[in-house]
Amino acid sequence: MTQPTESTPAGPSGGFLTEVKDAVTARAALLVLGVLALQLAFITSYIGAFHHPKPHEISLAVSSPADQVTQQTVRQLGALPGKPLAPRAVENEVAAVTRIQNREADGALVIDPAGTTDRLLVAGGAGASLSQALEEIVGAVEKAQGRSVRVVDVAPAARGDGRGLSSFYLVVGWCVGGYLCAAILAISAGARPANIHRAVIRLGALLVYSLVAGLLGAVIAGPVLDALPGSLMALWGLGSLVVFAVGAITLAFQGLAGVVGIGLAILLVVVFGNPSAGGAYPYPLLPPFWSAIGPALPPGAGTYAARSIAYFHGNGARGPMLVLAAWAVGGAAVTLACSVVRRGRPGAAVGSGLSDGDPAVPRFAGGGEDPVR
């Protein structure tokens, strides 16, 4: 009687290195290197932006009943080493307060020639670190002249808005929702939409999500936690625009680069956008690179607009809203354009939204795609 033979595992046995090569593909290794580069960029960007805040050309209105005193003070403050201030003479205290409320000035110095105590007007709602920087700089100058300064906050942050950071964190939350929603759409149905109809459906789903996320975020920050004052409807509109803009950017990157586009969106919004948003340190305290790019990116535009809505009656929000609208329209347009181009390419998959060359396509026996998808 013949004894049954033991079955042996199929496949080549080439040792540990062969197993490593089989388990870790070249594509996987490249993606891991990309993640490492993204991580190092994250560390560099955040530490680079925050490790040494230094005031530079903080906008300061200067007013005094005596025009000669006003002009002399403007020259003196403008000549400080390192140019921490950008002083500008205004007619009177009313004009100074108006400039602060219109977000045309970060603070104002109201001089009393008949006494030894002047008043420094600040706006805590624009960021506590900015108000503190003004107080330190102007206070040191006044002390050197044998004078004192009394700080008056004309746009204070709400009691529930510690250091004026709630606007920043609200916008960061909206941004996170935007790119995660777009990423989930990619995971569930392919990074690149198969045709323009699929692209429109994704943008439509993103729009619905944006409206819900914008409203709920505004409700939490406003009525629920009492962290931000201002118009609930205006914050809802801003939040919806932020979420849609970031989601549209992510969809556009996915249309251009597949799943790698999610990493590109994180690079733009998180690595570059968050530290330059003016949250912890407003623009005049950031290094030149971050203060230059911040207003043009969604987190910075969203944070500035949110503070304008909460503390400045919406003054100064128009420019940032236009920036967000441009990102939203541009992202949607690129997403639609990629779907049109992809539709015209041979081998594009119509049902799943993926093609044979898409790295997100799971492969099955026989070289085909998952039949369920």
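Any read-out appearing in this document is the output of simple, stated calculations on the displayed coordinates, not a laboratory observation. Remember, predicted model here, so these are calculated numbers, not experimental data. FYI the Cβ positions are ideal-geometry reconstructions off the backbone, even for glycines, and counts take in every protein chain you see.
For the reader, a short list of remarks on this structure follows.
- Percent antiparallel among DSSP beta bridges (both partners in the chain, rounded to 5): 20 percent
- Length gained when the stretch ALA66-SER188 is fully extended (0.36 nm per residue, less Cα-Cα span): 37.1 nm
- Residues whose amide H comes within less than 5 Å of that of ASP153, counting only those at least five positions distant or on another chain, are VAL122 (H built at 1.01 Å from N in the peptide plane).
- In the chain, the longest principal axis of the Cα atoms and the axis of helix 166-189 are about 20 degrees apart.
- Modelled FRET efficiency - R0 45 Å, LEU80 with ALA333, Cβ distances, 0.05 increments: 0.45
- Against the chain, whose longest principal axis comes from its Cα atoms, helix 298-311 is set at around 40 degrees.
- Estimated FRET transfer efficiency (VAL151, ASP22; beta-carbon r; R0 56 Å; 0.05): 0.25
- What the Kirkwood sum gives for the stretch 192-249 is a hydrodynamic radius of 12.1 Å, with every pair of different alpha carbons counted.
- Distance histogram in 10 Å bins (all Cα pairs of the stretch 58-153, percent per bin): 18, 57, 25, 1
- Each part reduced to its alpha carbon centroid, the stretch 61-95 and the stretch 161-193 end up 42 Å apart.
- 24 Å Cα-Cα reach of LYS83 towards lysines, excluding residues that sit fewer than 8 places from it in its own chain: LYS54, LYS143
- Taking θ as phi - 60° and the Karplus parameters 6.51, -1.76 and 1.60, the scalar couplings of the stretch 137-153 work out to 5, 5, x, 5, 5, 4, 5, 5, 9, x, 10, 10, 9, 10, 8, 10, 8 Hz in sequence order, x denoting glycine and proline.
- FRET E, pair ALA114, ARG318, Förster distance 30 Å, beta-carbon r, rounded to 0.05: 0.15
- Average projection, convex hull of the Cα set of the chain: 26.9 square nanometres.
- Between 0 and 90°, nearest 10: helix 196-219 axis offset from the chain longest Cα axis: 40 degrees
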